[in-house]
Amino acid sequence: MPRTLPAITTIEETPAVLSVGEVARRSGLAVSALHFYEARGLIHSLRSDGNQRRYPRSVLRRVAVIKVAQRTGVPLASIAQALQSLPEARTPNAADWRRLSREWKQELNARIQALTQLRDQLDGCIGCGCLSLKACPLRNPADTLVNEGPGPHFQS
């Protein structure tokens, strides 16, 4: 038996606002994640007469930007700050995405550099066996604990 294709929805038939369940289904996020994003100011909803959340269709693109940024390791605080920098809290367009991704790329490169340095220092640390806490760049950078006097300074 041949399969039938669903009818094509015209723009006029597409709702201007979506329920939280519809946004969750279309974005692949849990409803609780959408509520979390909204509580953090990343997305915004309207309320129906019955006090139900309704999201503009543009929230789907905004959620997609948030998900991609998170997947690349950008912290939610940085994402929120970037989205708040957009005029009238609009959904990012292609030019906005290029600007935001350039900024995030710089942050990510700095974090990669810091992690690479940490990894390289850790290699040396494994060899020392923690016999030289005075000189350890991870546990006591620049021997700052010398100012606290003799004896243990860390609790396990």
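The values are calculated or read from the model by the stated rules, or taken from the named source; none is laboratory data. No experiment lies behind these values; they were computed from the predicted model shown. Don't worry about glycine lacking a Cβ; one is built from the backbone with ideal geometry, like all the others, and counts go over all protein chains shown.
Take the conditions surrounded by fewer than 14 Cβ atoms within 10 Å (Cβ to Cβ), over 14 Å from the mean Cα position of the chain (by Cα) and within 18 Å of Pro15 (Cα to Cα) and apply them to Leu46. Does it pass? Write out each step before concluding.
On the way: surrounded by fewer than 14 Cβ atoms within 10 Å (Cβ to Cβ): yes; over 14 Å from the mean Cα position of the chain (by Cα): yes; within 18 Å of Pro15 (Cα to Cα): yes.
Yes.
Can you name the residue in segment 81-92 that is among the aliphatic types (A, V, I, L, M) and closer than 12 Å to His44 by Cα and, of all such residues, is surrounded by the most Cβ atoms within 10 Å (Cβ to Cβ)?
Narrowing segment 81-92 to residues among the aliphatic types (A, V, I, L, M): 82-83, 86, 89.
Checking the rest, the ones that are also closer than 12 Å to His44 by Cα come to 83, 89.
Values: Leu83: 21, Ala89: 13.
Result: Leu83.
Taking the criterion of being modelled with pLDDT under 85, part of a loop (DSSP other than H, G, I, E, B) and among the basic types (Lys, Arg), would at least one residue in segment 3-22 satisfy it?
yes
Could you list, in sequence order, the residues of segment 52-73 that are closer than 12 Å to Val20 by Cα and surrounded by fewer than 14 Cβ atoms within 10 Å (Cβ to Cβ)? Break it down stepwise before answering.
Initially, segment 52-73 is screened for residues closer than 12 Å to Val20 by Cα, giving 52-57, 59-60.
The answer is Gln52, and nothing else.
Kindly evaluate Arg40 against the criterion of being modelled with pLDDT of 85 or more, surrounded by 13 or more Cβ atoms within 10 Å (Cβ to Cβ) and of a type outside the set (A, V, I, L, M).
Numbers: modelled with pLDDT of 85 or more: yes; surrounded by 13 or more Cβ atoms within 10 Å (Cβ to Cβ): yes; of a type outside the set (A, V, I, L, M): yes.
Yes; evaluated as a whole, the condition is true for this residue.
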